[in-house]
Amino acid sequence: MKLDSKIPEGPLSEKWTRYKSSQKLVNPANKRKLDIIVVGTGLAGASAAASLGALGFHVDIFCIQDSPRRAHSIAAQGGINAAKNYQNDGDSVERLFKDTIKGGDYRAREANVYRLAEVSGNIIDQCVAQGVPFARDYSGLLDNRSFGGAQVSRTFYARGQTGQQLLLGAYGALSREIARGTVTLHERCEMMDLVVIDGRARGIIVRNLVSGELERYAAHAVVLCSGGYGNVYYLSTNAMNSNGSAAWVCHRRGAAFANPCYVQIHPTCIPVHGDYQSKLTLMSESLRNDGRIWVPKKKEDSEAIRRGEKGPNDIAEEDRDYYLERRYPAFGNLVPRDVASRAAKERCDAGYGVGSTGLAVYLDFADAIRRLGRDVVEQKYGNLFQMYQKITDQDPYQVPMMIYPAIHYTMGGLWVDYELQTTIPGLFAAGEANFSDHGANRLGASALMQGLADGYFVLPYTLQNYLADQIYVGKIKPEGPEFDEAEASVRARLDSLIAIGRNSQDPHSNHSVDHYHKALGKVMWEYCGMARSKESLGIAEKKVAELEEDFYQHVYIPGKPLEMNPELEKAYRLADYFELARLIIADATQREESCGGHFRVEHQTEDGETLRDDQNFMFVAAWEYQGHDKPELMHKEELNYEYIQIVKRNYK
Amino acid sequence: MHFTLHIWRQENARAKGHFETYEIDNISDECSFLEMLDQLNEKLINDHIAHPVCFDNDCREGICGMCGLYINGRPHGNDDGVTTCQLHMRHFHDGDEIWIEPWRAKAFPVIKDLVVDRTAFDKIIQAGGYISATTGGVPDANNILVPKHKADQAMDAAACIGCGACVAACKNASAMLFVGAKVSHLALLPQGRPEAADRVHKMVCKMDELGFGSCTNTYACEAECPKQIKRQNIARLNRQWIGQLFGRDRNN
């Protein structure tokens, strides 16, 4: 496998312009003869399909939900970054580029990140034109707020529902193309396999989630926008149905998977409270604009709180430890997510945690309410406060919120080159499904930016470059041995899963899919979560293997393949998570350094900060699938920093 | 806590449905309604009692609009301003009987158990619930000034999650609150004005065509909306509709 990042020649700031001026185009009459498959209707998928449809291509788009508007981008809360410099506070394309590279702990590709910063402003223009109701000030101009890892205010927002509003904008654009007939929508459909013919991606096998039937679709190119794989940890801020399987089947068919161990743990989520819990709810990073994070200074106070004898308001000001402000005076409560998460874990592990479990810290708005008044705080964060109150039955205007880190986002994903093309020609990946822009840690409000940059402003160019010579191929039909083989293998996989629990001698030794998923999540969180060591990763490897073996002997899936069967859906996704978990562990094991979200306890500074090893690990780890029972093969893409000066990542 | 659950079971769109009764024990009051159903399903699977109950759900934080159950005669249950996934068991009493049904509306046929087909909402949006802004070639974002109070009102309307509770709550199964919210969101913004008359015309015609009922101003929709979308949006929809009938703003 050869990794060619295809970065255009020339100075960094001219690369994208040069690319666009020299790429190949497809003339309008030929565009309608070319078919494109887009998998996923989140920000990346919806914006890509809408833009490609508007250009005149024919697009088939697929989502697992009942409507494209429900993709999990909808749940993004805080905002979207763009280098508009509307606040006159020193922002620029260069600054956003540098912040993103630094935020990613110098593990992202320069040229991709620069392009992201370059098109960020266009995204805001596009969204406003679509009617996204961004927050405004009294002059009618757009308002901004600050997010972690930046010293400027470059985040555009729509209350605490920015993802929802951006997705509804893209969904509107998509709906328009559906009405025009350029895009065909397939809802409640799940991609089960990729069809590769003569080395090129030519189609997909889909399971209709209502009837259970398998269907075939053919196209000249396939674009994967299926999101991340955070649910491998079971408890995460992802939606219940978010899954890594669409990307994983592409990996099985030959697409390299990059940096799987880079997983983002978000510092501000509502803490875990019981075994029946199905997901963790995020409290937006934007809250750290005005909320102050603290734990008691004295252990005995923390202990009294855990026993329920004291409340946070009983702790005097001088007995509170605002540990982020103490450790990171320059960025304070707005340090990047990985830093804030580790700091919370450090305090809780040291015995200062609060809540009944001791695994929580306070996020306190008392100061903000005193300074700004309750009304202003309510205007800014009202819906988040309401959400917190509905879940916890506590009033955050009176009592500080309790928060704890949780799995949120995956920086790793399918390896792509500058054109967002994977190692399989004709297969592209965008948004969270690819690995490209966030290095080892993503900054807040940058996922929305990347999803829309890829869909609105990158893929419409790079896909054309690929499709230009495809006009000679003619229509691709969903037939032939490759389609037959792919469909048969999916059918065999489903049948064998359903047979497992029925083969077993003793039905009481069987377990549900959730039983295994919860167990896998616990192992991953415990041994391959916020802190990893050679030892813990060894334990994780062993435990995952045991669980996987048990799963293939004792999982019980009721019902039939040919009907609506959510248990079967969960089962085939979990089967892929087992393979993915093994790869995450292998990647975390080989990366003998700490960077961004990947923290190896053997590699830290005296004061507990990440310690990179630029000499040996300044590369992207791209893994090649070798078969279910074989270890994967790692390839390296060296990262060359021509423009950025590499320094220690410091937020003090 | 212990509950007696009466749940609508229906094998598929063509089958006849009926209520089944299940008992469930050891439910924490901190757990959400859907987590209670997860525990029921776990029990049904482990004890081989029946196939698990199908219900739509996804984000479980009240924003995707996927979940929607009719609980004891109310869409999304007995707490105000929440979706089913945010409803917590502390709002019930130990020993309660709970009746759980799917949305009931001609335009939302049942697919299986508690899962309904809401693609009619997508079709209404496809009829014109957007601003036609092709990618690229748009002005700088700050070239379009939007008065703050208008932007806030537009945002209030745009908060709709498309769950369908308004239709389920309405005795006529009318979609006026859903359509009113989208029409208002776009009509309140200067970007949405050029297409406003056409938009309201097409969306209302599509709504009627798909079998949604008429609005008789009872406002059960407003009372049950998990995002507390206001009935003023229906009034604005009506004003827009009448305006376009008399040619105001039409094709300007």
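The values are calculated or read from the model by the stated rules, or taken from the named source; none is laboratory data. Everything quoted here is computed from the prediction, not taken from an experiment. Please note: Cβ atoms are built from the backbone with ideal geometry, for glycine as well, and neighbour counts cover all protein chains shown. Accessible surface areas use protein heavy atoms only, side chains included; no ligands, DNA or RNA. Shrake-Rupley method; radii C 1.70, N 1.55, O 1.52, S 1.80 Å.
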Q.
Quick check: the angle from helix B:196-209's long axis to the longest principal axis of chain B, C-alpha only, nearest 10 degrees?
A. 40
Q: Would you mind giving the mean number of other chain beta-carbons within 10 Å of the Cβ of each residue in A:63-70, as a whole number?
A: 6
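Name the shape class, rounded, prolate or oblate, that the alpha-carbon gyration tensor gives for the stretch A:66-195, where a ≥ b ≥ c are the square roots of its eigenvalues, rounded holds for a/c under 1.5, and otherwise prolate holds if a/b is larger than b/c and oblate otherwise.
Judged from the Cα gyration tensor, the stretch A:66-195 comes out oblate (a/c at least 1.5, b/c at or above a/b).
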(Q) For peptide A:504-513, what's the mean number of Cβ atoms from other chains within 10 Å of each residue's Cβ? (A) 2
Q: Sort the stretch A:120-183 into rounded, prolate or oblate with this rule: let a ≥ b ≥ c be the square roots of the eigenvalues of the Cα gyration tensor; rounded if a/c is under 1.5, and if a/c is not under 1.5, prolate when a/b is larger than b/c, oblate otherwise.
A: prolate
**Q.** Chain lengthening between residue B:4 and residue B:193 when straightened (0.36 nm per residue, less Cα-Cα)
**A.** 62.8 nm
(Q) Whole angstrom only: what separates the Cα centroid of the stretch A:298-339 from the Cα centroid of the stretch A:222-242? (A) 32
Q. Can you give the relative contact order of chain A as a percent, counting alpha carbon pairs under 8 Å and 6+ residues apart?
A. 20
(Q) With angles folded into 0 to 90 degrees, how steeply does helix B:33-46 sit against the dominant principal axis of chain B? Use alpha carbons for both and round to 10. (A) 40
Q: Using DSSP, restrict attention to beta bridges with both residues in chain A and report what percent are antiparallel, rounded to the nearest 5.
A: 70
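Ignoring ligands, DNA and RNA, please state the percent of accessible area on the protein assembly as shown from carbon and sulfur, probe 1.4 Å.
48
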**Q.** Per-pair calculated FRET efficiency, R0 = 30 Å: residue A:560 and residue B:22 via Cβ, rounded to 0.05
**A.** 0.85
Q) Considering only DSSP states other than H, G, I, E and B, which GluC sites (Glu not before Pro) in the stretch A:284-342 qualify as loop sites with at most 12 other Cβ atoms within 10 Å? A) A:309
Q. Contour minus end-to-end for residue A:372 and residue A:138, with contour as 0.36 nm per residue of separation and end-to-end as the Cα-Cα distance?
A. 82.6 nm
Q: Would you mind computing, in nm to one decimal, how far apart the modelled labels at residue B:104 and residue A:484 are, each placed 7 Å from Cα along Cα→Cβ?
A: 5.2
Q | Rounded to 10°, Cα long-axis angle of helix B:176-187 versus longest principal axis of chain B | A | 40
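Looking at the stretch A:108-195, which chymotrypsin sites (Phe, Trp or Tyr not before Pro) are DSSP coil and have at most 10 other C-beta atoms within 10 Å of their C-beta?
Listed in order of number, the matching sites are A:138.
Kindly identify the stretch A:266-406 as rounded, prolate or oblate by the Cα gyration tensor criterion: order the square roots of the eigenvalues as a ≥ b ≥ c, call it rounded if a/c is under 1.5, otherwise compare a/b with b/c, prolate if a/b is larger, else oblate.
rounded
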Q: Report the FRET efficiency, 1/(1 + (r/R0)^6), for residue A:21 and residue B:209, where r is their Cβ-Cβ distance and R0 is 56 Å, rounded to 0.05.
A: 0.75
**Q.** Cα-Cα over 28 Å, subset of A:298/A:543; A:630/B:43; A:534/B:43; A:98/A:543; A:298/A:652
**A.** A:298/A:543; A:630/B:43; A:534/B:43; A:98/A:543
Q: Kindly point out which whole DSSP H helices in chain A project their C-alpha atoms 20 angstrom or further along the helix axis while averaging a Kyte-Doolittle hydropathy of 0.0 or above.
A: A:110-130, A:162-180
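Run through the stretch B:164-252 and list the trypsin sites (Lys or Arg not before Pro) located in a DSSP loop whose Cβ has at most 14 other Cβ atoms within 10 Å.
For trypsin sites (Lys or Arg not before Pro) across the stretch B:164-252 that sit outside H, G, I, E and B with at most 14 neighbouring Cβ atoms in 10 Å, the list reads B:171, B:248, B:250.
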Q | Integer Hz, Karplus 6.51/-1.76/1.60 couplings in order for the stretch B:82-90, x for Gly and Pro | A | 9, 8, 4, 5, 9, 6, 10, 5, 5
Q.
What does the structure give for A:360-369 when I average, per residue, the other chain Cβ atoms found within 10 Å of the residue Cβ?
A. 0
Q: Taking only Cα atoms and a 10 Å spring cutoff, compute GNM fluctuations for chain B and point out the largest among B:137, B:68, B:17.
A: B:137
